[in-house]
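> Take a look at the following structure, please.
The values are calculated or read from the model by the stated rules, or taken from the named source; none is laboratory data. All of these numbers come straight from a predicted model, not from anything done at the bench. As a convention, Cβ positions derive from the backbone with ideal geometry for all residues, glycine included, and neighbour counts pool all protein chains shown. These area figures cover heavy atoms from the full protein model, side chains too; ligands, DNA and RNA do not enter into them. Shrake-Rupley method; radii C 1.70, N 1.55, O 1.52, S 1.80 Å.
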Amino acid sequence: MDMQLGVSLPDIEDAVNAWRPDIVGVSATFGQHDIMVRLLDHLFGLPEAPMVLAGGSLTARNEQLLLDRYPRLLVARSAGEPTMQDVLGYWHSDLALTQVRGLGHAGTVRGDGVLRIGRHQRTATVPNRLQTDTLPELDLLGATFTRRGVAQLETSRGCTNYCSFCPRGHKGQWSGAVPQALPSILAAMREVFDRHPDISRTLYLVDEEFIGRGDDAVARALAVADTVHGAGFRWESSCRVDQVVDPARDPAWHVQRGEMWRGLLERGLRRMLFGVESGVTSILDRFTKETTGEQNALAIRTLSALGVPTRFTYITFDHLMSVDELRATHAFQGRTDLLLRPLPDLSVEEIVDGVHDERFVATHATGRPFHTAISYLLVSMECLIDAAYTKRVQAAGLAGAPRPAMGRIDARFADWRIGRSSHHAQLWIDRNFALDYTFKSLEKILDGPHRHAVRGARVVLKDAAYTMLGHMLALIDRYPLADERHDEFDADLLAVMDVEIGRLRDQMAGTVQELSPRLPVDVARVLVAEHTRWASAEGWRLINSADPCGT
Ligand code: B12
Ligand code: SF4
C-alpha cells in the first residue's frame, strides 16, 4: 500500500485489522517520520501486535530513536531483500534473530523473551555485491502513472565514495553486475507503459552511482544502457564527476570515458546528475568528495563539449565554511569558462585535450556563467544523523536539536554571518520555489522552442539568486566576525532581498507576458496562475518544501 498513491493511515489501519498479518513491513523516507510514528503507535498498541519491520532512508537515520521508542521494532539497515527473506526464516523459527542479515534491534522481539532495552544490537550487513538483481514491485506502476508519477529502477547499489555528509550505513559500497533479470523486468514494465501511451517512455535509474568501478565499468554501463534503450526506453541517472575526469588517470582513460559518454547518449541517456557540491578544493576536502575544484571545472567543460545534458547540484553554504571559501564559491559559480558549446564535429581526443587549453576554451565557451547550470542555487548543508560531517559539527560545539522528520540535526554556523546568510537564502528559495518548480515541471513536458523558452525563464530566477549571493558577501564585509549584531545584519539582508525580489517581479512579469502566448493554452494557464500567486505573495517564510536533491 503506497501512501504516495492516495492510501491514508486509516486505510492501512483498516487493512491490518481486517487481514491480521503476521508481519508488517514499513518503508519511510525523508519527511515521513510523523506518519510512521502514528502507524507504529497503532501497530504496537494492538492487543496482538504483528511483527513490525521498518526500512528506508529515514528509518536508517532514526534507528536509535525508533528502537528507544519501540523496543519490539525490527529495523532493516540495508538492501531489503535478504533481510526480508531472513525475517521470514526468523518468523518460522528457522533462524535466530542474530542470524537475520542487516538488522538493528533492541533484543528479543517476539514477546517470548526478555527485552534488553537500551542495548541496541546490529546484525551483520549483506554486502551489495551479493545482491545484484533487484526486482521492483510492479503492481503499483500503473497507479503511479495514473497520478503522473515516473518509473524508477535500480541497476546497481551503493557508491564508490564516502562523502562526509552522506551517511553510508544502509546504502553501502558500490556493486553492480549487468543485472541478469533486466530484460525481463523491462519487458514487464513495457506492458504497463503500453497501457499508458501518453506517458513518456523514460526510466529514472535511481542508482547512487550509475557507472561504478572495476575494469569492466565502461562495458557494464554501455551494456545496461543498451538493454534499456533496446527495450524502447530513454533514461536518466546520477554519477560522480570522477567518472568523467580523474587526475590519477592517463589520457587514454579519458578518451575511453569520452567515448563512453557519447556511447551512452546514443543509447538513450536523457540526462545525468552530477553532485559537484563545490568548486573550492578546501570545501571538497571537508566534504571528503575526493575531487578538486580543478577536476570539477574540467569535467563540466568536458561534459558540455560532449553534449551530455546534465544537472549539477551544489552546496553553497556549509556550517564549517569561512568567508574566503564563500567568496571562492561565488567566484566559481560565476565562472564563464566552464560551459562550452556542444562540439559534435570534434573527436573525443580533441575535446579531452582541449578542455585543458585556455585558447580552446575561449573559442568554444558559451559565455554563460556556471550557476545557470546548477539545479538549485543557494542551498545549505543538511547535517544528516550519523554522517561524518555531522560529527565534525557536533565536535565543534555547533550541534542543535535533532529533527527526526528529515533525519538530521539543527546546527549553528561557525561564522554567524554565513549562518544568517544561509537562513535568508532558504527564505529566498522558499519564496521562489513553487514558481521555479512550475517552470521545471513545464520543461519536462515540453519540447523544442517551448522548452527552450521555459528554460530561459528559469535562468532569470537563477540570475537573481546568484545576485543575492553577491549582496550577501558585500554585507558580510561590512560586519566584523567578532561583533555579533544579528538583528542589524538580518534587517540589512531583508532590505536587499526586498529590493531584489521587486526587481525580479518586474523582470518576471515581462518574461511571463512574452512566454505565455508562445505556449500551448493549458500550459500557459498553469504558468499564469502560478505566476499570479507568486507575484502577489508578501513577506518571507520558510515552507520546508525545497528539493535540493535535484533528482
Ligand atoms: C528519488 C530520490 C529523491 C526524490 C524522492 C521522490 C520520491 N517520491 O520517490 C526527491 C527529489 C524528493 C529527493 C529528495 C531528497 N533526498 Co533523495 N534520493 C532519491 C534517490 C535518487 C532514489 C530514492 C529511491 O527510490 N531509492 C531506491 C529505494 C529502493 O531505496 P531505499 O528507499 O533506500 O530502500 C532500500 C532500503 O532502504 C531498503 N528498504 C526500504 N524500505 C524498506 C522496508 C522494509 C520493510 C525493508 C526490509 C527494507 C526496506 O530496501 C530498499 C532496497 O535496497 C536516492 C538515491 C538512492 N539510490 O536511494 C536519493 C537519496 C535517498 N536522497 C537523499 C537525500 C539526502 C535527499 C534530501 C534530504 C536532500 C536534501 N538535502 O534535501 C531530500 C529530502 C526529501 C524531502 N522529503 O524533503 C540521500 C540520502 C542520504 C543517505 N545516504 O541516506 C540519497 C541516498 C541520495 C544520496 N546518496 O545522497 N530524493
Ligand atoms: S554524496 Fe553521492 S558521491 Fe558522495 S557518497 Fe553519497 S552517493 Fe556517493
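> Does V454 count as surrounded by 20 or more Cβ atoms within 10 Å (Cβ to Cβ), in a helix (DSSP H, G or I) and touching a helix residue (DSSP H, G or I) at 6+ places or on another chain (Cβ under 7 Å)? Steps first, please.
Values: surrounded by 20 or more Cβ atoms within 10 Å (Cβ to Cβ): yes; in a helix (DSSP H, G or I): yes; touching a helix residue (DSSP H, G or I) at 6+ places or on another chain (Cβ under 7 Å): yes.
Against the criterion (surrounded by 20 or more Cβ atoms within 10 Å (Cβ to Cβ), in a helix (DSSP H, G or I) and touching a helix residue (DSSP H, G or I) at 6+ places or on another chain (Cβ under 7 Å)), V454 qualifies.
> Also, I was wondering about something else. When you go through (1) polar (S, T, N, Q); (2) exposed (fewer than 13 other Cβ atoms within 10 Å of the Cβ); (3) within 21 Å of R420 (Cα to Cα) one by one for T467, which number turns out not to apply?
The single condition T467 does not satisfy is (2).
> Now for a separate question. Could you say whether any residue in the range 228-244 is part of a loop (DSSP other than H, G, I, E, B), open to solvent by 70 Å² or more (accessible area, probe 1.4 Å) and not small (G, A, S)?
No; the residues of the range 228-244 include none that is part of a loop (DSSP other than H, G, I, E, B), open to solvent by 70 Å² or more (accessible area, probe 1.4 Å) and not small (G, A, S).
> Would you point out which residue out of L320, L284 is closer than 27 Å to P480 by Cβ and either in contact with a Pro (Cβ under 7 Å, 6 or more places away or on another chain) or aliphatic (A, V, I, L, M) (or both)?
Values: L284 fails: closer than 27 Å to P480 by Cβ.
Within the list L320, L284, the selection yields L320.
> Please work out which residue is nearest to ligand 1 (Cβ to nearest atom), limiting yourself to the range 6-23 and to residues that are hydrophobic (A, V, I, L, M, F, W, C) and not in a helix (DSSP H, G or I). Full working, then the answer.
Here is the first cut: in the range 6-23, the ones hydrophobic (A, V, I, L, M, F, W, C) are 7, 9, 12, 15-16, 18-19, 23.
Pick out the ones that are also not in a helix (DSSP H, G or I) and you get 7, 23.
On the way: V7: 14, I23: 9 Å.
Across the range 6-23, the extreme among qualifying residues is I23.
> Are there any helices (runs of 4 or more DSSP H) wholly within the range 24-91 with 3 or more residues that are within 11 Å of ligand 1 (Cβ to nearest atom) and closer than 25 Å to R403 by Cβ, and if so which?
Numbers: elements: 33-45, 57-61, 63-69, 80-91.
Qualifying helices (runs of 4 or more DSSP H): 57-61.
> Right, next: Keeping to the range 415-448, report how many residues are open to solvent by 30 Å² or more (accessible area, probe 1.4 Å) and of a type in the set (G, A, S).
3
> Can you confirm whether A362 is surrounded by fewer than 21 Cβ atoms within 10 Å (Cβ to Cβ), within 30 Å of R61 (Cα to Cα) and touching a residue at least 24 places away in the same chain (Cβ under 8 Å)?
Numbers: surrounded by fewer than 21 Cβ atoms within 10 Å (Cβ to Cβ): yes; within 30 Å of R61 (Cα to Cα): no; touching a residue at least 24 places away in the same chain (Cβ under 8 Å): yes.
Judged against the criteria, A362 is not a match.
> Hey, another quick one. Based on what the data block shows, is R420 more than 16 Å from ligand 2 (Cβ to nearest atom), assigned to a helix (DSSP H, G or I) and out of contact with any His (no Cβ under 8 Å at 6 or more places or on another chain)? Can you show your working first?
On the way: more than 16 Å from ligand 2 (Cβ to nearest atom): yes; assigned to a helix (DSSP H, G or I): yes; out of contact with any His (no Cβ under 8 Å at 6 or more places or on another chain): no.
Taking the combined requirement at face value, the residue does not satisfy it.
> Output the number of residues of the range 203-227 satisfying the condition of being part of a strand (DSSP E or B) and open to solvent by 10 Å² or more (accessible area, probe 1.4 Å).
At the first step, the residues of the range 203-227 found to be part of a strand (DSSP E or B) are 203-205.
Imposing the further condition that a residue be open to solvent by 10 Å² or more (accessible area, probe 1.4 Å) reduces the set to 204.
So the count comes out to 1.
> Of the residues D2, D112, D68, which single one is within 25 Å of the chain's Cα centre (by Cα), exposed (fewer than 15 other Cβ atoms within 10 Å of the Cβ) and at pLDDT below 95?
Values: D112 fails: within 25 Å of the chain's Cα centre (by Cα); D68 fails: within 25 Å of the chain's Cα centre (by Cα).
The conditions single out D2.
For (1) touching a helix residue (DSSP H, G or I) at 6+ places or on another chain (Cβ under 7 Å); (2) in a helix (DSSP H, G or I), each residue gets a yes or a no:
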site: W261; (1), (2): yes, yes
site: L264; (1), (2): yes, yes
site: V276; (1), (2): yes, no
site: E294; (1), (2): no, yes
site: A299; (1), (2): yes, yes
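> What helices (runs of 4 or more DSSP H) lie completely within the range 308-397 and have 3 or more residues being within 22 Å of the chain's Cα centre (by Cα)?
Details: elements: 323-333, 348-354, 358-364, 388-395.
Passing ranges, in order: 323-333, 388-395.
> Same structure, new question: On the basis of being touching an Asp or Glu at 6+ places or on another chain (Cβ under 9 Å), open to solvent by 20 Å² or more (accessible area, probe 1.4 Å) and in contact (Cβ under 8 Å) with a residue 12 or more places away in the chain, does R271 make the cut? Write out each step before concluding.
Working: touching an Asp or Glu at 6+ places or on another chain (Cβ under 9 Å): yes; open to solvent by 20 Å² or more (accessible area, probe 1.4 Å): yes; in contact (Cβ under 8 Å) with a residue 12 or more places away in the chain: yes.
Here the answer is yes, as R271 does meet what is asked.
> Which residues, taken from the range 201-212, are within 16 Å of ligand 1 (Cβ to nearest atom), more than 15 Å from G263 (Cα to Cα) and not aromatic (F, W, Y)? Full working, then the answer.
Quick first cut of the range 201-212, residues within 16 Å of ligand 1 (Cβ to nearest atom) only: 202-212.
Cutting the leftovers down to more than 15 Å from G263 (Cα to Cα) gives us 202-209, 212.
Hits for the range 201-212 are T202, L203, L205, V206, D207, E208, E209, G212.
> If V348 meets every condition in (1) within 30 Å of R61 (Cα to Cα); (2) away from ligand 1 (no atom under 16 Å from the Cβ); (3) of a type in the set (A, V, I, L, M, F, W, C) apart from one, which number is that one?
V348 satisfies every listed condition except (1).
> Which of the residues spanning the range 288-316 are within 13 Å of ligand 1 (Cβ to nearest atom) and surrounded by 24 or more Cβ atoms within 10 Å (Cβ to Cβ)?
Residues satisfying the conditions are K289, Y314, T316.
> On to the next question. Quick one: which residue in P197, P179, P167 is in a loop (DSSP other than H, G, I, E, B) and without any contact (Cβ under 8 Å) to a residue 40 or more places away in the chain?
Testing whether each residue is in a loop (DSSP other than H, G, I, E, B) and without any contact (Cβ under 8 Å) to a residue 40 or more places away in the chain leaves just P197.
> Residue check: is F30 of a type in the set (F, W, Y), within 16 Å of ligand 2 (Cβ to nearest atom) and within 30 Å of R168 (Cβ to Cβ)? Spell out how you get there, then give the answer.
On the way: of a type in the set (F, W, Y): yes; within 16 Å of ligand 2 (Cβ to nearest atom): yes; within 30 Å of R168 (Cβ to Cβ): yes.
Yes: the conditions hold for F30.
> Now for a different question. Out of the residues in the range 508-521 meeting the condition of being part of a helix (DSSP H, G or I) and under 30 Å from the mean Cα position of the chain (by Cα), tell me which one is nearest to A537 (Cα to Cα). Don't jump to the end; show me each part of the working.
Here is the first cut: in the range 508-521, the ones part of a helix (DSSP H, G or I) are 508-518, 521.
With under 30 Å from the mean Cα position of the chain (by Cα) added as a condition, the list becomes 508, 511-512, 515.
Working: M508: 14, T511: 18, V512: 17, L515: 21 Å.
Looking at the filtered set, the residue picked out is M508.
> Restricting to the range 146-194, and then to whatever is at pLDDT 95 or above and open to solvent by 70 Å² or more (accessible area, probe 1.4 Å), can you tell me which residue is nearest to V228 (Cα to Cα)?
Of everything passing the filter in the range 146-194, R190 is nearest to V228 (Cα to Cα).
> Right, next: Which residues, taken from the range 12-23, are open to solvent by 70 Å² or more (accessible area, probe 1.4 Å) and free of Cβ contacts under 8 Å to residues at least 60 places away in the same chain? Full working, then the answer.
The initial filter retains those residues of the range 12-23 that are open to solvent by 70 Å² or more (accessible area, probe 1.4 Å), namely 14, 17-20, 22.
Passing the criteria: D14, N17, A18, W19, R20.
> Condition first: among the small types (G, A, S), out of contact with any helix residue (DSSP H, G or I) (no Cβ under 7 Å at 6 or more places or on another chain) and over 13 Å from D415 (Cβ atoms). Now tell me which residues in the range 460-482 satisfy that.
So in the range 460-482, the residues among the small types (G, A, S) come out as 464-465, 470, 474, 482.
Keeping just the survivors that are out of contact with any helix residue (DSSP H, G or I) (no Cβ under 7 Å at 6 or more places or on another chain) gives 474, 482.
Listed by number, the list holds a single entry, A474.
> While we're here: Looking at V352, V361, V348, V379, can you tell me which residue is within 16 Å of ligand 2 (Cβ to nearest atom), among the β-branched types (V, I, T) and in contact with a helix residue (DSSP H, G or I) (Cβ under 8 Å, 6 or more places away or on another chain)?
On the way: V352 fails: within 16 Å of ligand 2 (Cβ to nearest atom); V361 fails: within 16 Å of ligand 2 (Cβ to nearest atom); V348 fails: within 16 Å of ligand 2 (Cβ to nearest atom).
Answer to the check: V379.
> So, one more: Go through the residues of the range 216-238 one by one and say whether even a single one is in contact (Cβ under 8 Å) with a residue 12 or more places away in the chain, farther than 30 Å from R201 by Cβ and out of contact with any Gly (no Cβ under 6 Å at 6 or more places or on another chain).
no
> In addition: May I ask you to list the residues in the range 253-268 that are open to solvent by 30 Å² or more (accessible area, probe 1.4 Å) and more than 19 Å from R213 (Cβ to Cβ)?
Across the range 253-268, the qualifying residues are R262, L265, E266, R267.
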